[in-house]
Structure formats: structure tokens, C-alpha cells
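A.B. asks: Sending over a structure as C-alpha cells; questions will come in a sec.
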Amino acid sequence: MQAVAGNIDSLANNLSGYLPHEQINNVRRAYYYAEQAHDGQFRRSGDPYITHPLAVAGILGEMHMDPQSLMAAMLHDVIEDTGITKTAIKSQFGNNVADLVDGVSKLNKITFSSRAEAQAENFQKMAMAMAKDLRVILVKIADRLHNMRTLDVLTPEKRRRIARETLDIYAPIANRLGMNNVRIEFEDLGFAALHPMRARRIAAAVKQIRGNRKEIVSQIQTSLEACLEREGLPGRTIGREKHLYSIYEKMRSKRKSF
């Protein structure tokens, strides 16, 4: 377990950029509690299970989330997978963290009989959870993001099911929350899992025509910034390349070739 323990040090180091020492120690405590709870459990990849909650907490740390969210990320599968109760978590880490962990566990139990039902009901239930505490959704989004990043170890059928659910449910939620980078990653990872050949072909086509476009965009950006500065107007300019899933959707909806 030493390699994994090293990762908690790395996370703690990253968190020190915005959290005080005492709060980081609380996150560490949640980590060691989860490590013990998940002892003997492994991911499909063969990694110790604790690597998953640690990665989820890492994603939330990049978003500069509060310590309760990070602690809930460490503990988010404990109720469901280890038999430890909400009461036990409450006595160790307080009401806030216990409620967040319980909220994520309840979201994990939502099942749907059809895609239409998934979209309608899940949005409704997610909205209710959001109204209570938005952080439940953010922990769940980080959980799904790490699962999407590690899809390769699953069977093709399971990969497709999770990818479809991500595109139908989690990408739109990330979009509604203004989490654009997460939405794009959800869409591109989901697209690659659902339609691997199409994703590879579009990626190759984009690479082929990219050429000096980045350089052109950079030149335009520099010119605009110089112009804004000359006129004394505060602002920033951003140039972006359309992501793969967005290209695919546009080709499909407008019936256009690449």
C-alpha cells in the first residue's frame, strides 16, 4: 500500500495551495479511514480500490472544493461497498460529510427502465439533490469522470452502457453547471467508448487539416489583445478547436461530411 500512501502525500501537497493544514489533515484522516474500509477490495484494473476515491478527491481538489467535499469523495463508496453506516461516518466526520456521502450513495442506487425515463427522472432527482446540497452532484460528477477515464478495463458492453449514460445524463448536467471542460471530456470519452472507429477517423481528419491553424488563431489572438490594450479595454481572448464529439454531432445533425 506504500505507493498509494504516497499519492495522499501528493494530494495533500496540492491542497496546501488553498487549504489550511488542519483541514488537509481532516482529508488525510478520511483517506486512511476509507483505505481501511476498502482493504482487500480491488478495481477491475487490479489496483487497490482506494486509488479510485483518492483520484475523485484529486479531481475535486483541482476545482478547489471545500474539505467536506474532499472527505466525502474519499468516503463516497464506503456505505455502499463496505457495510459501514451513515451513523458511523457521522460520529467520525460530522453531519455535513455523512450527509454528502449518503447523498452520493442514494444517487448511485437510481436505476431506470428506459433512456427517456433516465433523462426525465434523473434530471428531476438530481435537481432535488442539488437543491439540498450541490456538492453531492459535484462529488458524483468527479466520480463519473474518473470512471470514464478508466473505462478501458471493462467489457465492451459495459463500456457502451456507461458511455451512453454519461452522454445522456452527466454531460448535460456538467453543461448546466457551467463546467465546460468536464462536459467536453465527458463527451469525447463517451464518444470514443461508444463509437471508437468514428472517433479515431474524426481525430485523424482533424490532425490532418490542423496544419498551421493554431498559429493563425494565435496571431489573431495577439492582434486582438494588442487592439484591446491600445483602446484601454480590459478583456481576454480565447481561441479553441471544436472537440471531436461536437464535430460528430454537427456532421450528424446537419448531414454534412467532415
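A.B. asks: Quick check on my filter: what residues within the stretch 148-171 are open to solvent by 30 Å² or more (accessible area, probe 1.4 Å), part of a helix (DSSP H, G or I) and in contact (Cβ under 8 Å) with a residue 24 or more places away in the chain?
C.D. replies: Within the stretch 148-171, R149, V153, R159, R160, R164, E165 meet the criteria.
A.B. asks: Output the residues belonging to the stretch 68-109 that are hydroxyl-bearing (S, T, Y) and open to solvent by 10 Å² or more (accessible area, probe 1.4 Å).
C.D. replies: Across the stretch 68-109, the qualifying residues are T82, T85, T87, S91.
A.B. asks: Additional query: Just name the residue that is nearest to K86 (Cα to Cα) out of those in the stretch 34-45 that are at pLDDT 95 or above and open to solvent by 50 Å² or more (accessible area, probe 1.4 Å).
C.D. replies: Q36
A.B. asks: Would you please name the residue that is farthest from I184 (Cα to Cα), looking only at residues in the stretch 215-258 that are acidic (D, E) and without any contact (Cβ under 8 Å) to a residue 12 or more places away in the chain?
C.D. replies: Residue satisfying both the conditions and the ranking: E231.
A.B. asks: Then there's this: Taking the condition of being open to solvent by less than 30 Å² (accessible area, probe 1.4 Å) and of a type outside the set (A, V, I, L, M, F, W, C), how many residues in the stretch 48-67 meet it?
C.D. replies: Looking only at that region, the number is 5.
A.B. asks: Test I216 against the criterion of being open to solvent by less than 50 Å² (accessible area, probe 1.4 Å), more than 22 Å from M65 (Cβ to Cβ) and of a type in the set (V, I, T), and give yes or no.
C.D. replies: For I216, the condition - open to solvent by less than 50 Å² (accessible area, probe 1.4 Å), more than 22 Å from M65 (Cβ to Cβ) and of a type in the set (V, I, T) - is not met.
A.B. asks: Conditions first: (1) open to solvent by 10 Å² or more (accessible area, probe 1.4 Å); (2) at pLDDT 95 or above; (3) of a type in the set (A, V, I, L, M, F, W, C). A3 passes all but one, so which condition is the exception?
C.D. replies: Failed condition: (2).
A.B. asks: Need pairs with beta-carbon distance below 7 Å; first residue surrounded by 11 or more Cβ atoms within 10 Å (Cβ to Cβ) and within the stretch 12-26, second among the hydroxyl-bearing types (S, T, Y); sequence gap 6+ or separate chains.
C.D. replies: The qualifying pairs are I24/S16.
A.B. asks: Check R255 against each of (1) over 30 Å from R135 (Cα atoms); (2) touching a helix residue (DSSP H, G or I) at 6+ places or on another chain (Cβ under 6 Å) and name the one condition it does not meet.
C.D. replies: The single condition R255 does not satisfy is (2).
A.B. asks: When you check L177 against the structure, is it under 24 Å from the mean Cα position of the chain (by Cα) and open to solvent by less than 50 Å² (accessible area, probe 1.4 Å), yes or no?
C.D. replies: Against the criterion (under 24 Å from the mean Cα position of the chain (by Cα) and open to solvent by less than 50 Å² (accessible area, probe 1.4 Å)), L177 does not qualify.
The values are calculated or read from the model by the stated rules, or taken from the named source; none is laboratory data. Note that the coordinates shown come from a computational prediction; the quantities given were computed from them, not determined experimentally. So basically every Cβ, Gly included, is an ideal-geometry build from the backbone, and we count neighbours across all protein chains shown. The protein model used for the area step is the full one, side chains on, heavy atoms only, and it has no ligands, DNA or RNA in it. Shrake-Rupley method; radii C 1.70, N 1.55, O 1.52, S 1.80 Å.
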